[in-house]
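Everything on this sheet refers to the single structure shown next.
Laboratory data are not the source of any read-out in this text; all were calculated from the coordinates shown. Just so it is clear, the model here is predicted, and its values are computed rather than measured. Note: ideal-geometry Cβ built from the backbone for every residue, glycine included; neighbour counts use all protein chains shown.
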Amino acid sequence: MTLFRSASARRALFDSVRERFAPWRERLMQTYRIDTLDRLETRIGTLSPSDRAIFYILAFLVCAASLAGLYALEQSVLVTQPSYGGSLVEGEVGSPRFINPLLAITNADRDLTTLTYAGLMGLSGTGDLVPVLADSYEVSPDGKTYTFILRKDAKFSDGTPVTSSDVAFTIERAQDPALKSPELANWSGVRVAAIDQRTVRFTLAKPYAPFLGLTTLGILPSHLWQNISSEEFPFSNLQTNPIGAGPFKVQDVSRDASGLIESMSLVQNQQYALGRPYLDSIRFEFYPRTEDVASALSSGAIESAYDISSPEALTAPYARVFGVFWNQNEKQVYTRAEVRKALSLAIDRESIVSAALGGYATPIMGPVPPDGKITQVPVPATENPTISAARLLTDAGWVYDGESRLWKNVAAKQTLDAITIRTSNVPELKSVASFVQEHWERLGIPVSVELYEPGDLSQNIIRPRKYEALLYGMVIDRNQDLYAFWDSQERNDPGLNIALYANKTVDDLLEDARSNTDPEVRQSDLQKIENIVAADYPAAFIYAPDFIYAVPSDLKGVELPQIVTPADRFATVAFWYRVTDAVWPFLASKK
């Protein structure tokens, strides 16, 4: 055995091992006075030097193996949980001006407002409403009175308690016509009263089931805003240095030479009602164009951005529906149900979603965006949409005139000829319009597309109803209140019934859906509305887009509800994390 070439070498190794173990032996002897160790040492003393060395080496290996086994056992039962720390760099198009729940207009405004302010209620990762500043609430049997009790620990980021007076002040300011708040219409006719420091009551003129969703409105600290007039309100320094009760608070703002905000750093609000956020900070970098955000994401200058696809992108349903809406007053042929249906069936929705939208959308046939709560009217399965549409027209008595490039119905004395699609001059709708144009031209109908800037389209085309076929999108609220889009009383401006649709049964269902507080009844009404409107073909519904959110792969805890506005992506931001700890199960956090 070459390890022990001489007696002196063996003795030296033995002495070295003995010396290394001596402190352990002395400690055991002094602490526990174990006589067995004396006997063991005597027995070891009878061994030859080489055998004693082997014994100590084996003993050392046994101890090491035992420790390794204990460590492996510990690792097998430890659980990983989120921990505090880490940051995120987000890219955003535009620059915020009004970080204020009463004036936020742009997506940048809303994003920062959502992070720095909190409402009585908020959104969960599944899109359900959950209490935030509210501890509890009650709804009166008649559905007209909502009473909220505030949390005892609800505080603004400056440490001031949130009281019912702050809630009342916020609503009263929203109702002030001089402020011109986008929230004015939502709160018109609602009476608010601070009953005591923690109790606030809202009284409605009539039952309105979606009202609870309005209470996600961020609450302003009245002690900072009450002496600022409505005229001075938009110019207050608090618009870009807000004090709210949200999960984060503004730490630093960087501006360019013109005064526009270039970046903004937020840090966690440790007094947030739902608990201290896991992330230490979020920094926003603002860019003028989507292309600039995409480039920054690609280069690593930012880590996250919405409406930018990437391998790590998350998706969620957007509460929006897009389609071509007919104006029967502009072109009488659209009064014919078979014409509307044929033109709808001629559109190859799957190809549009795949080629024009990169797969980030859901083909639809009805007015309700998919959210998993109702059954969508299925898209007809057909190998050739053009043949199906042509057969439908032929069966209804229409004959195609190839020379004139139009369809004729002699009995009805009507013709289906050239169609003009009007839409917004934005990349997505331009692309979709070109596909619809191609699909309808396969029916032998000449189709032209007219593009308008968004503001021009709204003001000069949609409001006066100057279109025969309008490719447009409807943004549906979280409660899926479709009244403004499909009730017959909303056919004229400023109503949003751009299909000029009228159906008494649907009118009744729309009214019941917004007044009945029973969720099951409302879902039943919504299902009937989906089925009836889809069967009437007042529009060729095409797709419901997906919301796309690119995030770093190590950012965990991100839950996206159905998205109404991009700011909804921050619904669970207090629970996002990039740092973890391994702990025993009984020590795991319950947050």
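Could you state the angle between the C-alpha long axis of helix 504-515 and the longest principal axis of the C-alpha atoms of the chain, as a value from 0 to 90 degrees rounded to the nearest 10?
Helix 504-515 sits roughly 40 degrees off the main axis of the chain.
Would you mind checking the pairs Lys206/Lys504; Lys144/Lys180; Lys144/Lys556 and listing those with alpha carbons more than 29 angstrom apart?
Flagged as over cut-off: Lys144/Lys556.
In straight Cα distance, which lysines are under 17 Å from Lys413, not counting same-chain residues fewer than 8 positions off?
Filter leaves Lys331.
Would you mind estimating how fast the stretch 519-571 diffuses translationally, via Stokes-Einstein at 4 °C and 1.567 mPa s with the Kirkwood radius over Cα pairs, in µm²/s?
90
Need the list of aspartates and glutamates near Lys341 for cross-linking: C-alpha distance under 15 angstrom, and skip anything on the same chain fewer than eight residues off.
The qualifying aspartates and glutamates are Asp395, Asp536.
Under 17 Å from a label point 7 Å along Cα→Cβ of Asp395: give me every residue in the stretch 337-353 with its amide N that close.
From the stretch 337-353, the list is 337-347.
Given the DSSP H assignment, sum -39500 (n - 2.57) over each helix run of at least 4 residues in the chain and divide by its residue total; what's the result at 222 nm in deg cm²/dmol, nearest 500?
-9500 deg cm²/dmol
Mind checking Rg over Rh on the chain, alpha carbons, Kirkwood formula for Rh?
Reported Rg/Rh, Kirkwood definition of Rh: 1.18.
Starting at 0 and stepping by 5 Å, how many percent of the alpha carbon pairs of the stretch 316-547 end up in each bin?
1, 7, 14, 19, 20, 17, 12, 6, 2, 1, 0, 0
Which percent, to the nearest 5, of DSSP beta bridges fully inside the stretch 316-547 are antiparallel?
Approximately 75 percent, going by the DSSP bridge assignments.
Mean 1/r over all different Cα pairs, inverted: what Kirkwood radius does the stretch 218-287 give, in Å?
Evaluated over the stretch 218-287, this radius sits at 13.6 Å.
Excluding residues fewer than 8 places away in the same chain, name every one of the lysines whose C-alpha is closer than 17 Å to that of Lys373.
Lys528
Once you keep just the Cα pairs under 8 angstrom separated by 6 or more residues, what percentage relative contact order results for the stretch 207-356?
10
Once the cut-off is 14 Å, how many percent of the Cα-Cα pairs in the stretch 477-544 end up in the long-distance tail?
57
Evaluate E = 1/(1 + (r/R0)^6) for Asp477 and Leu67, where r is the Cβ-Cβ distance and R0 equals 41 Å; express this FRET efficiency to the nearest 0.05.
According to the calculation, E is roughly 0.10.
Mind checking the full-extension length gain between Ala257 and Asp508? Use 0.36 nm per residue of separation minus the Cα-Cα distance, one decimal, nm.
Contour length minus Cα-Cα distance gives 84.7 nm.
Over the chain, what is the mean sequence separation of C-alpha contacts under 8 Å (at least six apart), divided by residue count, expressed as relative contact order in percent?
Relative contact order, the chain: 19 percent.
Restricting to the chain, compute how many DSSP beta bridges are antiparallel as a %, nearest 5.
The answer is about 80 percent antiparallel.
Please work out the Kirkwood hydrodynamic radius for the stretch 90-202, using every pair of different C-alpha atoms, and report it in angstroms with one decimal place.
15.4
Between the helical axis of 35-45 and the dominant principal axis of the chain, each derived from Cα atoms, what acute angle in degrees is found, rounded to the nearest 10?
Taking Cα atoms only, the helix is inclined about 70 degrees.
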